[in-house]
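Asker: Encoded as structure tokens, here's the structure I'll be asking about.
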Amino acid sequence: MSGAQPEVRNYRHPGSSKRKTRVENRGRQVDEAARSEIRALLGDRPRRRDLLIEHLHLIQDRYHHISAARLAALAEEMRLPLAEAFEVATFYAHFDVVKGGEDALPPPLTVRVCDSLTCEMAGAAALLDAVRGGLGPEVRVVRAPCMGRCECAPAVAVGQRHVVNADADKVAKVVAAGDFEPEIAPYIDYEAYAEAGGYKLLRDCLDGKRGAEELVAVLEASGLRGLGGAGFPAGSKWRFVRQEPPPRLMAINADEGEPGTFKDRHYMETDPHRCLEGTLVAAWAVEAAEVYIYLRDEYPGVREILLREIAKVEAAGLDRATRIHLRRGAGAYICGEEGAMIESIEGKRGLPRHRPPFPTQVGLFGRPTLIHNVETVYWVRDLVEKGAEWFTSHGRNGRKGLRSFSVSGRVKEPGVKLAPAGITARELIDEFCGGMQDGHVFKGYLPGGASGGILPASLGDVPLDFDTLQPYDCFIGSAAIIVLSDHDNVRDVALNLMRFFEDESCGQCTPCRVGAEKAVQLMSRPKWDEPLLVELSTAMIDASICGLGQAAPNPMLMALRHFREDLARTPNE
């Protein structure tokens, strides 16, 4: 602890009969230079426990790594046990904790090549080999999980700048140019949004012209469900939180790490204030005095936009009922699970929580918490202003509403497609994506990203919505549609996805931690041991704590059910 008095100990050296006195501090000694650096870096920022990850980012951004000396100094400054700071720093992939000396320091620039499914289909493995070793000793090249740019695969992050539709030459040019800050495309800023009628709904709420019950009734009538994957009715969630004793809080889950998913990024980087107004209206409705937006670290451009535009919202006095906190993830897919996200916002490792209690009762900092995905709050303004009937007037095949589909893979025009709920994969490909790429025949698709399973083209006419895919042991999740063709070996697809789950398991429970690793080993063999894989999958599904381990076997099980001809092919054939 800073300022603590050294402890005086009497000890006897082996073989000596004389007692000697030694003055020493307990534990790791904090380097004075590191202490000065950390104090200067933190400045007047609070030293609260929940800001540990934010402060770790300050160190990582400034020095491109986190040394043992600076970590010890940070722990002392925040009055935390060093072990606690260490376990948090080493949990997240974007923190480079250096345990050795100068020779162990990573190069100042890191280039990350996405190897998730859509990027692998676009040649990421060959790109990784081409980039490695060709950029000089000052550059570290590593593989990385999904960056949320599946519509322009393969994707590469050079520092914080993303290179899309990447090749080795493009990456080399960005490295040579030396500009590693994120690019920000034109978007609807505060002035344009307000001029077009934005924030009128929020102002009406703050001025008492709207009632919370009125808004809850609109959401319930619209049938809007959580669009981050779980699909819980949004209106019911508002009502449940309102019934809990105050103070109440709110959290926005902007950590869309599911491979194939990028719709939240699209909305935040094109129309951020529609998301912010929906957030503040929802917080007002449940009387949440504070809202925490948890943004994945793979979206540095979105972070710059939000920092800029939240400041304008505050300057306009629109945060007078709810204070906005922007929190930064650090490269952990598991933090898209709401319990793990709560833990991370509190400055801890992103370990999923056991339920019950549910976050609506005991959530962030132990308070009742309304948790929504970005797209869910994006719809709030339109629903209230246009009415529930407008929303329910859309839909196909007996389903109601609109869905934002993140479409990638073997289609001519990938991207975010706003389409009627209940549309089929075949309709989505033909009507919204310009059809299949030339020379490719529709073979199958992932209806819900990495964890949603894989269906063959013969089931391409199943309506895509909540509850329509369960009969096929799949689910829509966040509506990430990855389209496969006759050029793809589903054996390789399933192995790529299982490797993702192996990498991203938080390690808290044995069925997921050990099961995913064992599954990768078994699936890498020339011939799959089907009985053993099915037995292993059953254990993972039944005993894993959260959805990661429970859903990880889905692609493999679907490969066994629908694509047996691919299992006889050599891997990568």
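Asker: How much area per residue is accessible in the stretch 233-272 when the probe is 1.4 Å and only protein heavy atoms are counted (Å²)?
Answerer: For the stretch 233-272, the solvent-accessible area averages 29 Å² per residue.
Asker: What's the extension gain from ARG525 to ALA104 if we count 0.36 nm per residue and subtract their Cα-Cα distance?
Answerer: Net length gain for the segment: 148.1 nm.
Asker: So which cysteines in the chain don't have a second cysteine's C-beta under 4.7 Å from them?
Answerer: Result for the chain is CYS146, CYS150, CYS152, CYS205, CYS275, CYS335, CYS433, CYS474, CYS506, CYS509, CYS512, CYS546, no neighbouring Cys Cβ within the cutoff.
Asker: A follow-up question, please. State which helices in the chain qualify, where a helix is a whole DSSP H run, it must extend 18 Å or more along its own axis by its Cα atoms, and its mean Kyte-Doolittle hydropathy must be at least -0.5.
Answerer: Result, helices passing both filters: 272-285, 300-315, 490-504, 510-523, 530-543.
Asker: Hey, another quick one. Tell me which lysines have Cα within less than 27 Å of LYS209's Cα, excluding those fewer than 8 residues away on the same chain?
Answerer: Reachable lysines: LYS200, LYS237, LYS312, LYS386.
Asker: For the stretch 184-266, how big is the tail of P(r) above 21 Å, as a whole percent of Cα pairs?
Answerer: Here the long-distance tail beyond 21 Å is 52 percent of all Cα pairs in the stretch 184-266.
Asker: Taking the Cα-to-Cβ direction at ASP61 and at LYS209 and moving 7 Å from each Cα, how far apart do the two end points lie in nm?
Answerer: 3.8 nm
Asker: If every alpha-carbon in the chain counts as one equal scatterer, what log10 I(q)/I(0) does Debye give at q = 0.07, 0.09, 0.10, 0.12 1/Å?
Answerer: At q = 0.07, 0.09, 0.10, 0.12 Å⁻¹ the computed log10 ratios are -0.44, -0.72, -0.89, -1.26.
Asker: Another question, then. What length, rounded to one decimal in nm, is gained on full extension from TRP390 through to ARG132, with 0.36 nm per residue of separation minus their alpha-carbon distance?
Answerer: Difference between extended and current length: 87.7 nm.
Asker: Rounded to the nearest 0.05, what FRET efficiency do GLN243 and ARG426 have when you use their Cβ-Cβ distance and R0 = 41 Å?
Answerer: 0.40
Asker: Continuing with this model, one more query. So how far apart, in nm, are the two label points at SER36 and ARG323 if each is 7 Å from Cα heading toward Cβ?
Answerer: Rounded to a tenth, the inter-label distance reads 3.3 nm.
Asker: List the pair-distance distribution P(r) of the stretch 325-364, using every Cα-Cα distance, as the percent of pairs falling in each 10 Å bin from 0 up to the bin containing the longest distance, rounded to whole percents.
Answerer: Percent of Cα pairs in each bin: 33, 55, 12.
Asker: According to a simple spin-label model (label point 7 Å from Cα along Cα-to-Cβ), what is the distance in nm between ASP438 and VAL514?
Answerer: Spacing of the two 7 Å Cα→Cβ label points: 5.3 nm.
Asker: Accessible area of the chain with a 1.4 Å probe: how many percent of it is carbon plus sulfur?
Answerer: Of all accessible area on the chain, carbon and sulfur atoms account for 50 percent.
Asker: Quick one: plug the Kirkwood hydrodynamic radius of the stretch 269-413 (C-alpha pairs) into Stokes-Einstein at 10 °C, 1.306 mPa s, and report D in µm²/s.
Answerer: The diffusion coefficient I find is 93 µm²/s.
Asker: Provide GLU389, GLU54, GLU120 ordered by accessible surface of protein heavy atoms (probe 1.4 Å), highest first.
Answerer: GLU389, GLU120, GLU54
Asker: What is the calculated FRET efficiency for ASP473 to ASP44, with r their C-beta to C-beta distance and R₀ = 56 Å, to the nearest 0.05?
Answerer: 0.55
Asker: To the nearest 500 deg cm²/dmol, what mean residue ellipticity at 222 nm is calculated for the chain from DSSP H runs of n ≥ 4 alone, each contributing -39,500 (n - 2.57), summed and divided by the residues?
Answerer: Result for the chain: -11000 deg cm²/dmol, rounded to the nearest 500.
Asker: Can you give the Rg and Dmax of the stretch 25-132 based on its C-alpha atoms, in angstrom?
Answerer: Final numbers for Rg and Dmax: 16.8, 56 Å.
Asker: Can you give me the orientation-averaged projected area of the convex hull built on the Cα atoms of the stretch 40-86, in nm²?
Answerer: Its Cα hull, projected and averaged over all orientations, spans 2.9 nm².
The values are calculated or read from the model by the stated rules, or taken from the named source; none is laboratory data. This is a predicted model, so every value here is computed, not measured. Positions of Cβ are backbone-derived with ideal geometry, glycine not excepted, and every protein chain shown enters the neighbour counts. We work out accessible area using only protein heavy atoms, side chains counted, and drop any ligands, DNA or RNA first. Shrake-Rupley method; radii C 1.70, N 1.55, O 1.52, S 1.80 Å.
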